[in-house]
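Participant: Encoded as structure tokens, here's the structure I'll be asking about.
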Amino acid sequence: MASGPGLPDSLVLEIFLHLPHRAVLNAGLTCHQWFAVSRDEFLWKEVFYNYYRIPHSVPRHPAALSWYREFKRLYDCIPCVEVQTLKEHHDQVLHLAFSHRGHRLSSCSKDCTVKLWDTECPDGNISLVHSSSMRQFNWGYTQYSQFNADDTLLLVSGVYLGPHHSSSGEIAVISLENYTLLSRVRNKPYDVFGCWLNETHLISGNLHWIGNMTSCSVLWLNKAFQDIESENVNVVKRLFKIQNINASTIRTVMVAHCRRHDSPDLLLDYEAQSQAQAQQTQQHQPLLFDLGNTDSEDEKEDDEDNEDEERRRNRVSGHVASYNPSGMQRVIHGCKNTGARERELEARVARLMGSSNTKAPNPNLVSPSAAGEGEDKTYLLFTTGSLTYSPHQIGIKRIMPDQMTTCGPVLGEERSIEFFDSLDHVIDIHGHIIGMGLSPDHRYLYVNSRAWPVGCVISDPMSPPPIAEEIDLHVIDLKSLREERRSLRAHRAFTPNDECFFIFLDVSRDFVASGAEDKHGYIWDRHYNICLARLQHDDVVNSVAFSPADQELLLSASDDSTIKVWRSPRMVRLSQSSSRPPSARKLLSSLLGHRSAHLNGKP
């Protein structure tokens, strides 16, 4: 019996608009007509906005080729499938860092070791290649590490246990050629962490108390190789000396190289995205933004889009190491016996001393860059404060070219100049800052903070305001020096406001990820501002790290003493298909080909 006429495309489309995406893909396998409708752009635009709950005012990613492929990218290319658990650490794992090439990973832990891992094993797993214990140097634990620009040296920051139970910080530099210790540098307080300025020089800190709640932070430039050279040339040089008031200190230093501001991986300003896209279209140039080769698989795999959604959206969890700097404990206990009038008097004296001995700020050093300026600026970023000892501000100092080497006057000559350096720019977060991370192009700074109550007034610097359990992830444009968009939120923390703790985050080309104290790691899309996945642990997730070579590979570190390896569903599927035995059809073709060759007399 002849079949009747098919449904018109418009009616099929109307039906598909009311179906979930998996049902649409299944229906598309029915016939050619339904397949064509199941790839309709209008259909997938609506599916995309509804599934991810994105406002229609948010435009599609400027490099996306279609709504269907964009849906597939967010659904299939998020590293949310747990593929391996590393258990070589024996205490809380505090921090992870990838090499710039992505071939090595370092991890720091409360077990006082720094471990190096190979991420390019032939079997696809990550394996331990070296472990160094820092207990022989009287360290309490390792807390942070960073590879230098050419991946030849590793900076390791830790807590040094001094006499009378005092604790300070220390930075060690390890050669990655033979894993030898090259130098050790003092770092106080230990939550300065330290960072690389370039391939051979690193930045450390020192703290000097001037009064009960007043101090100065000195930031030093150190050469990585100090043993033999120190007898003949300068290996250390003072960068900045900054006055701190109200018991605040400089912490969490990092360096931003702004040479790529005019060619970013991704612009978060939607209007700027549109302008850049229109300009490049007029010039017949390829798009500025690159999503990478996320569609390397053939359309023949479309039927695999129906894989179990629960498996795709794996979840995970964590609590961060909380600790009080011993110097801060001394200040807090000392203030219990100090009256409000004495503290106010000291604060006034400190402000007067600072104003008369501080360099006048130069507004031209750190200012919003003009379009196409192309100037190679280097910023030193750090957390600080002016109202209380809780870090609630981001300080910015520009590092000039002549400051990037230890060559120059000897220390005695420098000390004859008595002054404090002013901050070039300050951004107030109005909350307790607990972590920072730079985008790969150094255009955007992402900041984890726990907000203070709206309109709160701080009358006592030693009594910071209560903080929210929700963590806000702020985004700051280092070109315009202002906060961009609304902050991201999904993760939580529970450590009290009078304790020091860190939740490390990481940023890839398209995604940003963070740990949390709610036993989960989180992944957001940078363009759409949405949370895409939760990664489950058994305790606080302290740190996450994307591979610079492949953002579909993410690692997370937790207080449960493990490091978990996460890959995207797409990469998992590809690895499984490459390791599968040949199908019956391929096996039959191979046998027939072999038999034909044998009949033709070929070996």
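The values are calculated or read from the model by the stated rules, or taken from the named source; none is laboratory data. Everything numeric in this text was worked out from a predicted model, so none of it was measured. Here the Cβ positions follow ideal geometry from the backbone for every residue, glycine too, while neighbour counts run over all protein chains shown. Protein only, heavy atoms only, side chains kept; ligands, DNA and RNA dropped before computing areas. Shrake-Rupley method; radii C 1.70, N 1.55, O 1.52, S 1.80 Å.
Participant: Give me the one-decimal nm value for the distance between modelled label points at residue 480 and residue 83, 7 Å along each residue's Cα-to-Cβ direction.
Facilitator: Distance between the two pseudo-spin positions: 3.8 nm.
Participant: Between residue 454 and residue 138, 0.36 nm times their residue separation minus their Cα-Cα distance comes to what?
Facilitator: 109.4 nm
Participant: Now for a separate question. Please give me the summed charge of the neighbours of residue 45: other residues whose Cβ is under 11 Å from its Cβ, Lys and Arg +1, Asp and Glu -1.
Facilitator: Numbers: positive: 60; negative: 40, 41, 46, 70.
The answer is -3.
Participant: Specify whether the C-alpha gyration tensor of the range 119-252 places it in the rounded, prolate or oblate class, a ≥ b ≥ c being the square roots of the eigenvalues: rounded for a/c under 1.5, otherwise prolate if a/b is larger than b/c and oblate if not. Please list the in-between numbers first.
Facilitator: Details: a/c = 1.98, a/b = 1.59, b/c = 1.24.
It comes out prolate by the Cα gyration axes.
Participant: Can you list the residues of the range 122-136 with backbone N under 17 Å from a point 7 Å past the Cα of residue 161, pointing along Cα to Cβ?
Facilitator: Only 133-136 fall inside the zone, counting backbone N under 17 Å.
Participant: Also, quick follow-up: Count the net charge of all other residues whose Cβ sits under 13 Å from the Cβ of residue 97, scoring Lys and Arg as +1 and Asp and Glu as -1.
Facilitator: Local charge sum for residue 97: +1.
Participant: How many nm separate the modelled label positions at residue 14 and residue 130, each set 7 Å beyond the Cα in the direction of the Cβ?
Facilitator: About 6.8 nm separates the two model spin labels.
Participant: Once label points are set 7 Å from the Cα along Cα→Cβ at both residue 430 and residue 65, what is their separation, rounded to one decimal in nm?
Facilitator: According to this spin-label approximation, the distance is 4.5 nm.
Participant: Here is a further query. For residue 469 and residue 41 in one chain, what is 0.36 nm times their gap in residues minus the Cα-Cα distance, to one decimal in nm?
Facilitator: Values: separation 428, 0.36 × 428 = 154.08 nm, distance 4.08 nm.
The span from residue 469 to residue 41 would gain 150.0 nm if fully extended.
Participant: Something else about it: Efficiency by 1/(1 + (r/R0)^6): what FRET value for residue 530 and residue 182, r their Cβ-Cβ distance, R0 = 51 Å, to the nearest 0.05? All intermediate terms of the calculation are to be shown ahead of the outcome.
Facilitator: Working: r = 44 Å, r/R0 = 0.86.
About 0.70, to the nearest 0.05.
Participant: Please compute the Kirkwood hydrodynamic radius of the range 63-198 from all pairs of different C-alpha atoms, in Å with one decimal. Could you put the intermediate results ahead of the total?
Facilitator: Values: mean 1/r = 0.0604 Å⁻¹.
Over the range 63-198, the inverse of the mean reciprocal pair distance is 16.6 Å.
Participant: A follow-up question, please. What is the distance in Å between the Cα centres of the range 130-155 and the range 512-546?
Facilitator: Distance between centres, Cα-based: 25 Å.
Participant: Hey, if we sort 510, 123 by accessible area with the 1.4 Å probe, largest down, what's the order? Walk me through the intermediate numbers first.
Facilitator: Details: 510 5, 123 110 Å².
Largest to smallest exposure gives the sequence 123, 510.
Participant: Here's a follow-up. Could you quote the convex hull projected area for the range 455-546, Cα atoms only and averaged over all directions, in nm²?
Facilitator: Details: hull surface 29.3 nm².
Over all viewing directions, the range 455-546 projects a mean Cα-hull area of 7.3 nm².
Participant: Then there's this: Roughly speaking, what is the stretch gain from residue 405 to residue 574, that is 0.36 nm per residue apart minus the C-alpha to C-alpha distance, in nm to one decimal?
Facilitator: Working: separation 169, 0.36 × 169 = 60.84 nm, distance 4.71 nm.
Gain in length upon complete extension: 56.1 nm.
Participant: Still on this model: Give me the three principal axis extents of the range 1-105 from the C-alpha atoms, as integers in angstrom, largest value leading.
Facilitator: Taking max minus min along each principal axis of the Cα atoms, the range 1-105 gives 71, 38, 24 Å.
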